[in-house]
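I have placed the structure first, in the form of structure tokens, so that the comments after it can refer back to it.
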Amino acid sequence: MLGELLSRILLLLFGYAMPAFECFKTVETRPNDAHMLRFWCQYWIIVAMVIAFESVISWMPMYSEMKLAFFVYLWYPKTKGSDAVYDTFLRPIVMQYEPNIEQRLLHLRAKSGQLLSFYLKNFADKGTAFFMDVLRYVVSEKPEGSNAERNKKSGWSPFATKRRPPSPPPQESIFDSNPDAAVVAEALRATIGAAAGGGAKPRRAPNGKHY
């Protein structure tokens, strides 16, 4: 893990930062030096090609170390491998397929506006739908579980017109199906009333017994 992090830092420094600064100095101090301008153009073309095909070759062992060594070889003043790599490998291949590449790039450039508008519209639609889903979820999160479940089932929306919630169905009394419970309840009431009122009359239970 530490070796990979160190390789990335060195690659950022010696593969991108220093070559970019040297290229900047060449453009600013020697704008008429065609050889050096060509050299740095070759370097950045090769770097772009390596990055474009990185997903295919990044499986190789010690890829980060080899990439760092290759980039340093390309721009180091004593090696200047950009000339050799460009003239020997890259230039012949690109020149062979240049008409086909140019045609495809022109077609892609013509369709770039449509592709951009399509992706922007798709992103906007999905973003809006996602935001509305999150908003519904946040609004429906209430302490009362029954209300949240009822809103979820009925498709409630925070932007819909407020409606009066339906009244709960009448609950069946436990005394309707259990007469013994009614007797016990009446006896308990009579006991509490007698204790509080000092001798209240006992009430008659539904089955006719006195308590």
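The values are calculated or read from the model by the stated rules, or taken from the named source; none is laboratory data. Note that the structure is predicted; figures quoted are calculated from it, not measured. Note that we place each Cβ from the backbone using ideal geometry, even for glycine, and neighbour counts take in every protein chain shown. Ligands, DNA and RNA are excluded from the accessible area calculation, which covers all protein heavy atoms including side chains. Shrake-Rupley method; radii C 1.70, N 1.55, O 1.52, S 1.80 Å.
Can you name every residue in segment 41-58 that is without any contact (Cβ under 8 Å) to a residue 40 or more places away in the chain and not hydroxyl-bearing (Ser, Thr, Tyr)?
In the first step, residues of segment 41-58 are kept if they are without any contact (Cβ under 8 Å) to a residue 40 or more places away in the chain; the result is 41, 43-44, 47-48, 50-58.
Correct list: Cys41, Trp44, Val47, Ala48, Val50, Ile51, Ala52, Phe53, Glu54, Val56, Ile57.
Got a sec? Which of Gly113, Gly81 is farther than 17 Å from Ala20 by Cα, open to solvent by less than 70 Å² (accessible area, probe 1.4 Å) and without any contact (Cβ under 8 Å) to a residue 60 or more places away in the chain?
Working: Gly81 fails: farther than 17 Å from Ala20 by Cα.
Result of the check over Gly113, Gly81: Gly113.
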* Structure fact -> Of the residues in segment 1-17, those that are within 16 Å of Ile51 (Cα to Cα), without any contact (Cβ under 8 Å) to a residue 60 or more places away in the chain and surrounded by 15 or more Cβ atoms within 10 Å (Cβ to Cβ) come to Phe14, Gly15
* segment 59-78 - residue that is aromatic (Phe, Trp, Tyr) and without any contact (Cβ under 8 Å) to a residue 40 or more places away in the chain and, of those, nearest to Glu22 (Cα to Cα) -> Tyr76
* To do: For residues that are under 17 Å from Thr88 (Cα atoms), polar (S, T, N, Q) and open to solvent by 80 Å² or more (accessible area, probe 1.4 Å), tally how many sit in segment 18-77.
  => 0
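Name the residue, out of Ala124, Ala48, Ala129, that is in a helix (DSSP H, G or I) and more than 26 Å from the chain's Cα centre (by Cα). Break it down into steps so the answer makes sense when it comes.
On the way: Ala124 fails: more than 26 Å from the chain's Cα centre (by Cα); Ala129 fails: more than 26 Å from the chain's Cα centre (by Cα).
Matching residue, one of Ala124, Ala48, Ala129: Ala48.
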